[in-house]
Amino acid sequence: MAASCLGRGVVRLLGGLRGVGARGLAAPRLWGSASAPAAPAGSYQERIALAASEPAAFWGPLARDVLVWDTPYHTVSDCDFRSGRIGWFLGGQLNVSVNCLDQHVRKSPESVALIWEQDEPGTEVRITYRELLETTCRLANTLKRHGVHRGDRVAIYMSVSPLAVAAMLACARIGAIHTVVFAGFSAGSLAARINDVLQPHGPDFCQHPEQPESRFSPEPPAKCKVVITFNQGLRGGRVVELKEIVDEAVKLCPTVQHVLVAHRTDNKVHMGDLDIPLEQEMAKEEPVCAPESMGSEDTLFLLYTSGSTGTPKGLVHTQAGYLLYAALTHRFVFDYRPGDVFGCVADIGWITGHSYVVYGPLCNGATSVLFESTPVYPDAGRYWEMVQRLKINQFYGSPTAFRLLLKFEDSWVKKYDRSSLRTLGSVGEPINHEAWEWLHRVVGDSRCTLVDTWWQTETGGICISPRPSEEGAEILPCMAMRPLFGIVPVLMDEKGNVLKGGDVSGALCLSQAWPGMARTIFGDHQRFMDAYFKAYPGYYFTGDGAYRTEDGYYQITGRMDDVINISGHRLGTAEIEDAMADHPAVPETAVIGYPHDIKGEAAFAFIVLKDDAGDADVVVKELRSVVASKIAKYAVPDQVLVVKRLPKTRSGKVMRRLLRKIVTGRAQDLGDITTMEDPTVITEILSAYQEYKDKSGAAQ
Ligand code: WT7
């Protein structure tokens, strides 16, 4: 085994030196070796301009310098938004786990890869790159022994932990595709993700003749054979019954052959026929495992996210382009420097955890913090006590947590030493002025750089953020501001015309492909095309609106579709409606998002009851529990209002925009209601809403 690893290493070295893919391209060297990163050459403006005008000249040399290849790529990029073809570093072969682990183990095996900040206050566990590689290899061998092959899917339903990171990297090592499912999702949501595409959609499923080495394989989609979980999870001092939820889910999943169960607590859980004790099996395996050599465009992982219609979509991210983009943005947006401790408190179940807890930091050889707890456990000082104890240099969190924390006394922040902090980052939803100022002034003592970062599950990494920028360049509050390398934003008006100049608002599109973007939706390329490339042909439509200032800075104004953002968790209102639709007493519902002090947005459900529905309060209670068990607790509507009818157009479409106006106190200005079937519905709903508000002191 050792000999074959060495052999591969030599090939890689030669490949890197030859740099066949990028020969002849003159470009500034942006990156040094991991131990001594070079300062990016050229001014920020020059680098941005090059990435926009000549993507291949920008990305080609970077990929060659930054990543460790088995075989160099022959083509930097082959992308066409009209046909939905997106391919980067074609012909290249590499292994993502080698890039995240082996290359650092060769140079400094004892440097710390992960600091696991456990739920129990004040407890941390440090894991070196050597240990993480060994654990990953043992887990990879365990997967292989239990029948997982290259291209198979593995579901990971685990709380934030080194073993969860090792599970992701073990999949990458053997070429399996991981699907991390946030450990707050219900059994139903987990089962739906495991079962996705049991039947391929149509005969030409994902076939792409021009790109044989891409993920558009003519093969039917891979089955999910294995689920990895913990006996239980711990969060905020409470036990979460992860294994029980998996038991319930896999009853619905015919392809699952094994459930690998690791132990987070000492409590025993029932072990059934499918269940295998993970640590015991890993102990039998070798701590080395030869990495699979993967094509740049082979699938690395699927991650599910909500859209405005239908079930959540499994976005496909591939190997080389994703990794390079995560590493580049991690380094430049946060000003990460070797030796820094990088603290992103996101859960690994979201894209932020994938790109900025796992792949970006580890590819850069960083020390990455794994945060298992909550911002208020045991008290509102948790984050800042952790910053002091672990000497965190970059802290990346969500506006919803900042809004929650600023309601407490500043002393919860001030009593801890935060002098290690250099960069503060915010992600997931618009950050309001109060939260921005608090983060800047109280947490950052007005001396840290604050970056509001805009991106999406689909984009793979940060696309718009105040940094990188010229030294000393201004940063304006509550604005993502500047597009990153290779990101070319365009604003569109309602008719699909490109808006020029400053002081304009429109639909935010990106006109050019970048290496980190998702390649397709698992098993349904047509849905990918329809969701992102149909509204504005030739452009990727983000679903967000944005405003561009006279100076060319971008400010995100929010979603333009029926997607809402509850505490930074993205959810389609249709998903909540679908979950409630199964209730026999509820023929119709309409869900909208409304502004919420802490969560950013919360869900408001309007429901119609059948005449014989019985006690409305009982039905409402049942509906809440249906949503919790079908989707997740955070999806449960904060407000539920029983109405006689919903406002509809003559063609029967529910006019959610009118409901939004009523709930946000703008009922005097309903806009155009000429298409409405029966305008008296509005008066009906307004009086029901008034009564509801008087009774419950409900939403504004
Ligand atoms: C949606 C993507 C990207 C990681 C976490 C969320 C909203 C994200 C910002 C921001 C305003 C933001 C957008 C976007 N969003 N960051 N800095 N300012 N809005 O990923 O679950 O895929 O959600 O979150 O609406 O489309 P996601």
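Annotation: lysines with alpha-carbon distance below 18 angstrom to LYS284 (same-chain offsets under eight excluded): LYS144. Ordered by solvent-accessible area of protein heavy atoms (1.4 Å probe), largest first, the residues LYS391, LYS225 come out as LYS391, LYS225.
Among beta bridges identified by DSSP and lying wholly in the chain, the antiparallel ones come to about 60 percent. Loop-located trypsin sites (Lys or Arg not before Pro) across the range 572-652 with a Cβ neighbour count of 10 or fewer within 10 Å are LYS644, ARG650, with loop assigned by DSSP. The largest accessible area among LYS495, LYS284 belongs to the first residue in LYS495, LYS284, and the rest follow in falling order (1.4 Å probe, all chains). Computed on the range 253-381, with alpha-carbon pairs under 8 angstrom and 6+ residues apart, the relative contact order is 15 percent. Oblate is the label for the range 292-434, because a/c, from the alpha-carbon gyration tensor with a ≥ b ≥ c as root eigenvalues, is 1.5 or above and a/b does not exceed b/c. Apply the a/c threshold of 1.5 to the C-alpha gyration tensor of the chain and tell me whether it is rounded, prolate or oblate. Rounded, because the longest to shortest axis ratio a/c is under 1.5.
Solvent-accessible surface of protein heavy atoms, probed at 1.4 angstrom with all chains present, puts TRP350, TRP384 in the order TRP350, TRP384, largest first. Net charge of the neighbourhood of SER43, taken over other residues with C-beta under 11 Å away and scored Lys/Arg +1, Asp/Glu -1, is -2.
Beta bridges assigned by DSSP with both partners in the range 561-700 are antiparallel in approximately 75 percent of cases.
Taking a sphere under 14 Å around the Cβ of PHE185 and counting the other residues whose Cβ falls inside, with K and R at +1 and D and E at -1, yields a net charge of -1. Candidates HIS146, SER43, PRO584 compared by Cα position along the dipole of the chain: farthest toward the positive end lies SER43, with charges placed on Cβ.
Global dimensions of the range 385-477 from alpha-carbon coordinates: Rg and Dmax equal 13.3, 39 Å. Each Lys and Arg adds +1 at its Cβ and each Asp and Glu adds -1 at its Cβ; summed about the Cα centre, the chain shows a dipole of about 1080 debye. Looking at the range 372-530, the accessible area is 34 square angstrom per residue; that uses a 1.4 Å probe and ignores ligands, DNA and RNA.
Take every Cα pair under 8 Å whose residues are at least 6 apart in sequence, average their separation, divide by the length of the chain, and the relative contact order is 12 percent. Excluding same-chain neighbours fewer than eight residues apart, the lysines reachable from LYS391 by a Cα-Cα span under 19 Å are LYS414, LYS415.
Full extension of the segment from ALA473 to THR123, taken as 0.36 nm per residue of separation minus the current Cα-Cα distance, would add 122.1 nm. Of all lysines in the structure, the ones whose alpha carbon falls short of 24 Å from that of LYS610, not counting any fewer than 8 places away in one chain, are LYS621, LYS630, LYS644, LYS648, LYS653, LYS693, LYS695. A simple count of charges around PHE334, restricted to other residues whose Cβ falls under 15 Å of its Cβ and scoring Lys, Arg +1 and Asp, Glu -1, yields +2. Which of GLN512, PHE528, ALA480 sits closest to the plus end of the dipole of the range 477-543, meaning its Cα is farthest towards the positive end, when Lys and Arg get +1 and Asp and Glu get -1 on the C-beta? Result: GLN512.
Sites listed here are GluC sites (Glu not before Pro) in the range 56-132 whose DSSP assignment is loop and whose Cβ has at most 16 other Cβ atoms within 10 Å: GLU110. Within the accessible surface of the range 538-651, defined with a 1.4 Å probe on protein heavy atoms only, the carbon and sulfur portion equals 49 percent.
Ranking SER687, GLY593, SER625 by Cα position along the charge dipole of the range 588-700, where only Lys, Arg, Asp and Glu carry charges on their C-beta atoms, puts GLY593 farthest toward the positive end.
The values are calculated or read from the model by the stated rules, or taken from the named source; none is laboratory data. Quantities reported herein were computed from a predicted structural model and do not represent experimental measurements. Here the Cβ is made from the backbone with ideal geometry for all residues, glycine too, and neighbour counts use every protein chain on show. To get the accessible areas, we keep the full protein, side chains included, count just its heavy atoms, and leave off ligands, DNA and RNA. Shrake-Rupley method; radii C 1.70, N 1.55, O 1.52, S 1.80 Å.
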